[in-house]
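Written below as structure tokens is the structure these notes are about.
The values are calculated or read from the model by the stated rules, or taken from the named source; none is laboratory data. Values in this document were obtained by computation on a predicted structure and should not be read as measured data. All Cβ positions, glycine included, derive from the backbone under ideal geometry; neighbour counts span all protein chains shown. The protein model used for the area step is the full one, side chains on, heavy atoms only, and it has no ligands, DNA or RNA in it. Shrake-Rupley method; radii C 1.70, N 1.55, O 1.52, S 1.80 Å.
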Amino acid sequence: MMVQASNPSRVFTLAEANAMLPLVRAITRDLVRLSREVIERHQRVEHLKAGRSISFGDPYDEELAQIDEELTKDRQRLHEYVQELRQLGVEPKSGVDGIVDFPAMLDGELVYLCWKYGESEITHWHALDGGFSNRQRLTGAALAGGDGTINGST
């Protein structure tokens, strides 16, 4: 189930989002690690398979098939990490980079508070269709916590 941008399951204040970061960080750490491993292993397997014809009983082909099965299981685990984050009300945007968005209200408009794995706290936001490359720094008033109203910089 995907979180609908126009109807998120939860809307966070900056303080609530930052308070949830320890849990989000732990899940995202596992998501980033496994995403990178799966991509690397998939590329290696595809390289090894290139130009090979599959023959029954070939131990090399059996090993490649076993690796494929493991990749399938790891992809399922990745899906479970994504679902776990979505159940918290956040939207994972990049498993490899560890980008997670928190729905929030900014000057009466629904936006995303944007966090990337490795950042100590949430300090940026972007429009729902803006993406990570368009994120903007939150102003001092929003960073101070205040009454939960987030003010963007212009």
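Summing charges over all other residues whose Cβ lies under 15 Å from the Cβ of Lys73, with Lys and Arg as +1 and Asp and Glu as -1, gives -4.
Once the 1.4 Å probe is applied to the protein heavy atoms, the range 58-99 comes out at 57 Å² accessible per residue.
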